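First comes the structure, then the notes that go with it.
The values are calculated or read from the model by the stated rules, or taken from the named source; none is laboratory data. Because the structure is a prediction, the values reported are computed rather than measured. Glycine gets a Cβ as well: all are built from the backbone with ideal geometry, and neighbour counts include every protein chain shown. Just the protein is used for accessible areas: all its heavy atoms, side chains included, with ligands, DNA and RNA removed. Shrake-Rupley method; radii C 1.70, N 1.55, O 1.52, S 1.80 Å.
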Amino acid sequence: SLYSLAGHTVDGERSIAGEFAHLYLEDVQAFLRIIPGLEDKQWRQIANFTAEGTVNNLSVSFRSAGDVIRVLGFDASFDDLGFRDTTSGAAIHGLQGTITGISDAGALWLQSRDVGFRAEKLFRDTLQFDDLAGEVAWRYDYDNERLIISGKSLNLSNDNLELKASLGLDLPKTGSSPVVDMEIDIQRGDLAAVRQYLPATIMSPKAVAWLDRSLVSGEITGGRFVLQGPLDRVPFDNGEGQLAASLPVSNAILDYNEAWTRIEQLDAEIVFNGRSMDIHGTKGKIRSASLGEVHARIKDLTAPDLEIDGSVYGSLPVMLAELASSP
């Protein structure tokens, strides 16, 4: 609504400039049809995405000479923006902020609430966040034919999680795998909610079921997650990159085996490294008995066998009662 378009041709170069008070993305694909030089192949790639939301106060200009299209500049604000890739099922909605850029570089500033992210090939459910804020920039490296995306001071939070993240993503034009460099600092977290953020679709169902049941409750403070390397090599079995997470937990409950008494009041650090998981406990309780150092380990989450080694200190009747009720 409230838009103007102007076009002209000078010495074989065609130009279009537009001003839009409000642009509704549900209709934007029809608008893209008038971009000069847009080939059928490019249109089919665009058609794989569906978009929703409103772009406000958009200014944009294009220029084409032959088959080359250049975006001379654009800037806008946006509300309740959402995208869905129909080929992969990945989707995001609820984005709010501002954006500016040219043909090969730009930046956006996010200040969003009630954001949802879905990746059907990784997560079982949509990830919901109350707040998402930060800056994301991109540029195209013509020398190496790659798109470089970087995110700074990205803050996400909801009722069970608060984190700060930085992101680097290298997208080669050649078709080789994207390379990611992501670091996340977890300010606070709820151990029982970890199940929501597990890449369950690429994990062993047995491991997922164990984690769902075992991580009953606890508080996470000062955790960290690192993903660095080519995405098609995850989990980097041959050292091509790094996939690691460290989750310090306090006052946790670990229901490690349904036939044994669960561990309570557990202070520990949960470490994921590639395919492995280690839980290093410093204190806890089994019934009224106290735990010393305890180490729970799964060497390979795709073929999970649980090993537990530790020391328990308590009265003999408590120890005997645990043995009598166990397998």
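Counting only protein chain heavy atoms and rolling a 1.4 Å probe, the accessible areas of 117, 129 rank, largest first, as 117, 129. Overall, the range 274-327 carries a charge dipole of about 180 debye about its Cα centre when +1 sits on the Cβ of Lys and Arg and -1 on the Cβ of Asp and Glu, all other atoms neutral. Using C-alpha pairs below 8 Å separated by at least 6 residues, the relative contact order for the range 198-327 is 19 percent. Taking 18 Å as the cut-off, the amide N atoms of the range 89-107 that come nearer than this to a point 7 Å along the Cα-to-beta-carbon line of residue 68 belong to 102-105.
Angle check, please: helix 205-214 long axis (alpha carbons) against the longest principal axis of the chain (alpha carbons), in degrees 0 to 90, nearest 10. It is inclined by approximately 60 degrees.
For Cα extents along the principal axes in Å, computed directly from the structure shown, the correct entry in (1) 75, 52, 45; (2) 94, 39, 28; (3) 53, 51, 30 is (2). Dipole orientation for the chain: of the candidates 273, 60, 326, 326 has the Cα lying most toward the positive pole (charges on Cβ; Lys, Arg +1; Asp, Glu -1).
Separation of the range 236-299 from the range 50-66 is 50 Å, based on Cα centroids.
If you add up the charges near residue 185, with Lys and Arg at +1 and Asp and Glu at -1, over every other residue whose beta carbon is less than 9 angstrom from its beta carbon, what do you get?
Working: positive: 164, 224; negative: 183.
With Lys, Arg at +1 and Asp, Glu at -1, the neighbours total +1.
Placing +1 on each Lys and Arg Cβ and -1 on each Asp and Glu Cβ, with no other charges, gives the range 144-272 a dipole about its Cα centre of roughly 280 debye. By accessible area, using a 1.4 Å probe on protein heavy atoms only, the chain has 53% of its surface on carbon and sulfur. In this simple spin-label model, placing a label point 7 Å from the Cα along the Cα-to-Cβ direction at both residue 100 and residue 209 gives a separation of 5.5 nm.
Zone of residue 283 (label point 7 Å along Cα→Cβ, backbone N under 15 Å): which residues in the range 258-274? 264-269, by backbone N distance to the label point.
Computed on the chain, with alpha-carbon pairs under 8 angstrom and 6+ residues apart, the relative contact order is 8 percent.
Once the piece of chain linking residue 305 and residue 3 is laid out straight, how much longer is it, given 0.36 nm per residue of separation minus the C-alpha distance between them?
Taking residue 305 through residue 3 to full extension adds about 102.4 nm, to one decimal.
In the full protein context, the chain carries 55 Å² of accessible surface per residue, based on a 1.4 Å probe and ignoring ligands, DNA and RNA. The relative contact order of the range 56-109, computed from alpha carbon pairs under 8 Å that lie at least 6 residues apart in sequence, is 29 percent. Summarising the label geometry, the points placed 7 Å from Cα in the beta-carbon direction at residue 57 and residue 182 lie 3.2 nm from one another.
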